[in-house]
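Down below is the structure, laid out as structure tokens.
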Amino acid sequence: MQINSSATPIMGQDFTRDVPWDSFAADKSFYLMFVYFDEIKQDISSYFWIVPSLFFKDAVEPEKINGKSVMRFSAPTDIKKQNKYSKFLVNKKDLGKLFLKIIESKEEYEFSEQGAKIINLENLKKFISEARENTYAGDGVPADDPRLTGSFQFEFQKADYFYRDIYFAGENNFIGQEIIYQNNKPVWGMNYFGNNPDKEATIFLKQSLFEMSQECRFGQACEFEKSGLKYEDHGQGNMENFSGKEQIAKKEKIIYSLTYHGGLI
């Protein structure tokens, strides 16, 4: 256990601690324990965080603080405000029992039972965008052994999120779905159907989806234009329930179109 404690004032009621990047080595048996000490009560808070180092490594991007590379932990002190560390909140009364469970577990301890099921839509959207950038839109390599015969399958994982995109391509059209798992449980999905684009349109489609990954196929309106080609996504709804249609036009002629719909499961 590496224990980081603080007795300094909390800005905006967020508990923030920096972990040196150079000395950080993630391992399934290594956990970080973040504890806030209340100077007024002269006691640690009733709840604190015990975070697996492997999750922390995936969930935090290193940044420069005062010229040093650090990984910043930041979470609201109000436990009712959910964030990506909420499931690692532990009541100090249960600390002994939790330590025993961690020690007795043969693999990395599964924290999903510690807290409520949390679906942070902002974090979910950010993950989906990154997953798309690293798979089809980013010229990722499909799996050699897709689960469904005749399909193309892409996968991406980070922290407690897992992305799987499976589609079938026929002579003229293709159909597929994206599914997002959180702690091995499906939480979000999207179905799509479109006509096969030619080589020029395929390259432009991937570029459009990559450049607009935080907007496209989420039920938002977005567009991208380059070299005489124009991508448009006419979407409606939100992350919980959405639908839309995307298309590519060349000299105002539609050469590709796709419809999609999805949301929380």
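Read-outs: derived from the displayed coordinates by stated rules, not from any lab. In this text the structure is predicted, and so the values were computed from the model without any measurement. No Cβ is skipped: glycine too gets one built from the backbone with ideal geometry, and neighbour counts run over all protein chains shown.
Before moving on, here are some points about what is shown:
- Charged-residue dipole, Cβ positions (Lys, Arg, Asp, Glu), the chain about Cα centre, Debye nearest 20: 440 debye
- Residue-wise HN-Hα couplings along the stretch 83-95, as the Karplus relation 6.51 cos²θ - 1.76 cosθ + 1.60 with θ = phi - 60° gives them from phi, are 8, 5, 9, 4, 6, 9, 5, 10, 6, 4, 5, 9, 4 Hz; Gly and Pro carry x.
- For the residue pairs Lys158/Lys199; Lys101/Lys125; Lys125/Lys251; Lys126/Lys226; Lys57/Lys87; Lys185/Lys245, the C-alpha atoms sit more than 22 angstrom apart in Lys158/Lys199; Lys101/Lys125; Lys125/Lys251; Lys126/Lys226; Lys185/Lys245.
- Using only Cα coordinates, the Kirkwood hydrodynamic radius of the chain works out to 21.0 Å.
- Cα→Cβ-extended label distance, 7 Å offset, between Lys250 and Asp94, nm: 5.8 nm
- Expected 222 nm ellipticity per residue - DSSP helices of 4 or more, -39500 (n - 2.57), all of the chain, to 500: -5000 deg cm²/dmol
- In the chain, taking the dipole from charged Cβ atoms about the Cα centre, the farthest positive-side position among Gly262, Asn195, Ala221 is held by Gly262.
- Convex hull of alpha carbon positions in the stretch 113-265: directionally averaged projected area 9.2 nm².
- Within-13-Å neighbourhood charge of Pro142 [Cβ basis; K, R +1; D, E -1]: -3
- Cβ-based net charge around Gly194, under 15 Å, with every Lys or Arg adding one and every Asp or Glu removing one: -4
- Residues of the stretch 229-247 with amide N under 19 Å of the 7 Å Cα→Cβ point at Thr202: 229-231, 247
- Whole-Hz couplings from phi, Karplus 6.51/-1.76/1.60, listed for the stretch 223-231; x for Gly and Pro: 8, 8, 9, 6, 6, x, 10, 9, 9
- Within straight-line reach of Lys106, meaning a Cα separation under 17 Å, sit the following lysines at least 8 residues removed in sequence or on another chain: Lys28, Lys97.
- For the residues Arg132, Arg147, Arg217, a GNM of the chain with alpha-carbon springs under 10 Å puts the largest fluctuation on Arg147.
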